[in-house]
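Computed from the coordinates by the stated procedures, all read-outs in this text should not be read as laboratory data. Remember, it's a predicted structure, so these values are computed and weren't measured experimentally. Here the Cβ positions follow ideal geometry from the backbone for every residue, glycine too, while neighbour counts run over all protein chains shown.
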Amino acid sequence: MIMQYQRVRKIIDMEVLRKKTVTIVGLGSLGSFTALLLAKNGVNLNLIDFDRVLVENLSSQLYSGKDIKKYKAEVTAEYLKKINRDIKIKAVNERLNSLNMNILDSDLVIDCTDNLDTRFLIDSYCYRRIPWIHTTALKTIGLVYVVDNSLSDLYSSDISEDLCDEHGILNTTASMVASMAVTQAIKILLGLPHERDLIRVNIWDNTFDKIRINPSGKREIRIIKLCRNNYSVNLHKELDLNILSGKYETILKKDNIIIVKPKIIINRNGYIIFENMDKDSIKKWLRFL
Amino acid sequence: MVKVFIEKENKKLNAEAKDIEELMKKLNINKEEVIVVRNNQLAPRNEKLNDSDEVKFLSVISGG
């Protein structure tokens with residue numbers, strides 16, 4: 001055991017932890033602090049983010065002025081390699097989508113994204129296969145939830161969000177949420193009992209809520225609003241693209257994906273994006289699938 | 001009487017309603033924007049309310 005862990009090993013089993021790999025999706029405020037804490041604890045990392053560093057990221061994320069315009073995943077990986085040479089880090093400069101979801105394969109996934117659409121994509125891949133933790137924050141409020149069943153237990157199909165909104169997070173909120181999430185991550189990786197309730201804090205008011213969620217044992221099919229009039233739906237089932245492309249006017253056909261008119265992007269795994277359609281038309285359309 | 005907290009407005013008040021759906025209508029709360037917590041437990045919209053229940057309407061947040 002290398003010297004750097006000689007104190008922390010009295011608290012947690014470093015022999016086990018050093019063999020584990022965690023995937024972090026999103027390297028904004030929550031993701032960059034989460035990655036730092038896991039790296040310090042000797043955990044190997046897969047870092048996923050398609051985005052590049054902007055000047056407005058500097059106050060709440062771990063980047064500095066020289067990182068501007070560089071990929072967040074690459075910058076974070078380089079920085080953390082200097083912090084801990086003992087761990088393996090893989091940087092993926094891609095947006096998580098229905099075709100590259102296997103990049104989530106690891107011992108645990110931590111969702112540090114900024115939108116429900118990607119969160120439900122993680123939900124669809126990790127459901128009863130890979131343990132995962134949902135984290136989110138806004139201004140001075142933060143939330144951590146270990147998803148034992150499905151995220152639809154927390155967000156009913158009524159919920160929508162304005163994804164085009166610019167979000168701001170106080171850096172103290174981000175570091176606190178990351179600390180809570182990483183503590184739960186360590187417990188899961190070590191096979192210890194973890195928190196079952198949703199934890200929600202407001203760091204400004206010093207309020208801390210633990211909210212009980214009763215897993216429904218099933219997954220809802222949700223119509224999730226994206227930017228403008230675009231929606232996504234995950235049917236959680238394999239679709240026969242040959243049959244569908246015969247049935248509908250097809251603009252594009254590939255192995256795992258087809259695009260049909262007006263503009264509906266259908267993935268073989270049941271993940272569908274509807275562009276420029278309203279919710280009622282989508283509901284009618286879904287009846288035929 | 002139910003004790004209510006609306007996080008978005010940072011407002012505490014007392015109200016009367018037979019279930020959460022009715023309470024949301026009375027208080028003009030947008031169902032797309034909140035998660036509903038009754039006595040520290042996530043509550044479905046059709047859940048009946050009892051006297052002295054504590055209901056919190058917490059804003060959905062999605063930043064990262």
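How big is the charge dipole of the protein assembly as shown about its Cα centre, in debye rounded to the nearest 20, if each Lys and Arg gets +1 on its Cβ and each Asp and Glu gets -1 on its Cβ?
Charge dipole, the protein assembly as shown, about its Cα centre: 820 debye, nearest 20.
Normalised by the number of residues in segment A:223-286, what is the relative contact order in percent for Cα pairs under 8 Å and 6+ residues apart?
34
At 0.36 nm per residue, and after removing the present C-alpha to C-alpha distance, how many nm does the segment from A:Lys247 to A:Lys70 gain when stretched out fully?
Once the chain is fully extended between A:Lys247 and A:Lys70, it gains 59.3 nm.
Just to confirm the number: angle between the C-alpha axis of helix A:29-40 and the first principal axis of chain A, 0 to 90 degrees, nearest 10?
Roughly 50 degrees, rounded to the nearest 10.
List the chymotrypsin sites (Phe, Trp or Tyr not before Pro) in segment A:192-289 that DSSP assigns to loop (not H, G, I, E or B) and whose Cβ has at most 10 other Cβ atoms within 10 Å. Which are they?
Answer in residue order: A:Phe288.
Kindly provide the helix-only [θ] at 222 nm of chain A, computed as the sum of -39,500 (n - 2.57) over DSSP H runs of four or more divided by all residues, to the nearest 500 deg cm²/dmol?
Computed ellipticity for chain A at 222 nm equals -7500 deg cm²/dmol.
Assuming a ≥ b ≥ c are the square roots of the Cα gyration tensor eigenvalues, decide whether segment B:2-59 counts as rounded (a/c under 1.5), prolate (otherwise, with a/b larger than b/c) or oblate.
rounded
Measure up A:Lys72/A:Lys263; A:Lys69/A:Lys210; A:Lys72/A:Lys254; A:Lys210/B:Lys11 against 27 Å on the Cα-Cα distance and list the ones that go over.
Among A:Lys72/A:Lys263; A:Lys69/A:Lys210; A:Lys72/A:Lys254; A:Lys210/B:Lys11, the Cα-Cα distance tops 27 Å for A:Lys72/A:Lys263; A:Lys69/A:Lys210; A:Lys72/A:Lys254.
Tell me the relative contact order for chain A as a rounded percent, counting alpha carbon contacts under 8 Å between residues six or more apart.
Averaging sequence separation for qualifying contacts and normalising by length gives 15 percent for chain A.
Classify the protein assembly as shown from the C-alpha gyration tensor, please: rounded if a/c falls under 1.5, else prolate or oblate depending on whether a/b exceeds b/c.
Oblate shape, in that a/c is at least 1.5 and b/c is the bigger or equal ratio.
Loop by DSSP (not H, G, I, E, B), at most 11 other beta-carbon atoms within 10 Å: where is the longest site-free stretch of chain A for GluC sites (Glu not before Pro)?
A:1-165
In nm, give the distance between the simple-model label positions of A:Asp197 and A:Asp278, each being 7 Å from the Cα along the Cα-to-Cβ direction.
4.3
Which of the residue pairs B:Lys26/B:Lys56; A:Lys187/A:Lys237; A:Lys19/A:Lys81; A:Lys218/A:Lys283 have a Cα-Cα distance greater than 24 Å in the structure shown?
In this structure, A:Lys187/A:Lys237 lie more than 24 Å apart at Cα.
How far, in degrees from 0 to 90, does helix A:72-83 lean away from the longest principal axis of the Cα atoms of chain A, to the nearest 10?
Approximately 20 degrees, to the nearest 10.
Would you mind computing, in nm to one decimal, how far apart the modelled labels at A:Ile223 and A:Asn102 are, each placed 7 Å from Cα along Cα→Cβ?
Each label point lies 7 Å from its Cα, and together they span 3.3 nm.
Note down the nm distance, to one decimal, between modelled labels 7 Å out along Cα→Cβ at A:Phe50 and at A:Phe208.
In this crude spin-label approximation the distance works out to 3.8 nm.
Just to confirm the number: angle between the C-alpha axis of helix A:116-126 and the first principal axis of chain A, 0 to 90 degrees, nearest 10?
Helix A:116-126 sits roughly 80 degrees off the main axis of chain A.
Could you tell me what percent of the DSSP beta bridges with both partners in chain A are antiparallel, to the nearest 5?
Around 65 percent of the beta bridges assigned by DSSP in chain A are antiparallel ones.
Would you please classify the overall shape of segment A:98-196 from the alpha carbon gyration tensor, given that a ≥ b ≥ c denote the square roots of the eigenvalues, rounded means a/c under 1.5, and beyond that prolate means a/b larger than b/c while oblate covers the rest?
Oblate shape, in that a/c is at least 1.5 and b/c is the bigger or equal ratio.
For segment B:1-50 and segment A:254-289, write down the distance between their C-alpha centroids in whole Å.
Using only Cα atoms to place each centre, the spacing works out to 35 Å.
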